[in-house]
Every structure is written in structure tokens, then in C-alpha cells.
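Structure, as C-alpha cells:
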Amino acid sequence: QVQLVESGGGLVQPGGSLRLSCAPSGSVFSIAAMGWYRQAPGKPRELVARITDDGSTNYAELVKGRFAISREYASNTVYLQMNSLKPEDTAVYYCNADLWVTDYSGREEYWGKGTLVTVSS
């Protein structure tokens with residue numbers, strides 16, 4: 001059973017930085033894309049950033065220029081570098097991956113359990 005394991009959340013002051021990390025707990029055959037979503041209290045889950053296997057990225061408008069997504073292919077780890085954090089960035093951040101576990105017979109979507117990011121003074 002593949003699980004996505006996230007780390008790096010916490011409390012940070014406005015203007016500060018955090019880096020989130022996420023990687024599959026077991027081996028996988030191939031990964032099509034990995035990304036980060038977030039959900040603030042009382043709001044729906046929204047895309048923050050996503051990176052495909054060829055390195056293409058897309059970002060939510062609210063985080064462009066402040067957040068950067070990257071991937072380390074050797075370990076299948078995806079990172080989200082968050083700079084100039086604002087109180088409105090406070091949310092639970094979820095890792096997401098579209099991947100094949102054993103072969104190309106069926107692509108599956110996986111979610112992490114989430115890591116809380118709180119931006120407050």
C-alpha cells in the first residue's frame with residue numbers, strides 16, 4: 001500500500017518561510033504528477049501548485065511569485081518552498097500524486113494526510 005508522507009508544516013510569522021516535503025512511503029513504478037493542495041477552515045480544498053513528470057509546473061494565482069514547487073526524481077520527493085507567507089496562507093496542506101504502482105496498467109491518485117501551516121504573529 002502506497003502512502004504519501006508529508007512533513008514541514010508548523011507555525012511561522014507573517015513574511016516568514018517554510019518548506020514542505022512529501023514522498024511515497026513505498027516503491028512506485030512511475031509518477032505522472034505531484035502537487036500540493038490546501039484547505040482552510042470553512043473553505044473547499046484548492047490547488048496550490050503542481051509539477052508533472054516532465055517538470056512543467058502550474059500555480060494558483062494567489063501564490064505565484066511566493067511559492068515554488070520542485071521534485072527530486074531519485075527519491076520521488078516533492079517540495080513546496082513557501083516564502084513571504086501571509087495569514088491567509090494558513091491551511092492544512094495536502095500532498096497529491098498521480099502514479100502507477102506496479103506497471104502502466106492503471107493510474108491511481110493518492111493523497112497525504114495533510115500538514116498544518118499556521119501563519120500568525
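Leaving ligands, DNA and RNA out of it, report the carbon-plus-sulfur percent of the accessible area of the chain at a 1.4 Å probe.
After summing per-atom areas, the C and S share lands at 48 percent.
Which whole-number percentage describes the relative contact order of the chain, with Cα contacts under 8 Å and a sequence gap of 6 or more?
That works out to 36 percent.
Quick one: net charge around ALA60, please, counting Lys, Arg +1 and Asp, Glu -1 for every other residue with C-beta under 14 Å from its C-beta.
Once all neighbours under 14 Å are counted, the net charge is +3.
For LYS113, list the lysines whose Cα falls under 21 Å from its own Cα; do not include residues on the same chain fewer than 8 positions away.
In chain and number order, the partners are LYS43.
In the chain, if the dipole is taken from +1 on Lys/Arg beta carbons and -1 on Asp/Glu beta carbons about the Cα centre, which of TYR104, THR52, SER17 is farthest to the positive end?
SER17
Using each residue's phi in the range 43-53, evaluate 6.51 cos²θ - 1.76 cosθ + 1.60 at θ = phi - 60° and report the 3J(HN,Hα) Karplus result to the nearest Hz, with x for Gly and Pro.
Along the range 43-53, the couplings run 10, x, 5, 9, 5, 9, 7, 8, 9, 8, 4 Hz.
Sequence-distant or interchain residues sharing an amide H contact under 5 Å with GLY16, placed H: which?
LEU85
Magnitude of the Cβ-charge dipole of the chain, K/R +1 and D/E -1, about the Cα centre, nearest 20 debye?
400 debye
For the range 30-121, build the charge dipole from Cβ charges (+1 Lys, Arg; -1 Asp, Glu) around the Cα centre, then report which of GLY35, THR77, PRO87 sits farthest towards its positive end.
Checked the options; the winner is PRO87.
At 1.4 Å probe radius, can you tell me the per residue accessible area of the chain in Å²?
Roughly 53 Å² per residue, with all protein chains present.
The values are calculated or read from the model by the stated rules, or taken from the named source; none is laboratory data. Because the structure is a prediction, the values reported are computed rather than measured. Glycine gets a Cβ as well: all are built from the backbone with ideal geometry, and neighbour counts include every protein chain shown. Surface areas here come from the heavy atoms of the whole protein model, side chains and all, with no ligands, DNA or RNA. Shrake-Rupley method; radii C 1.70, N 1.55, O 1.52, S 1.80 Å.
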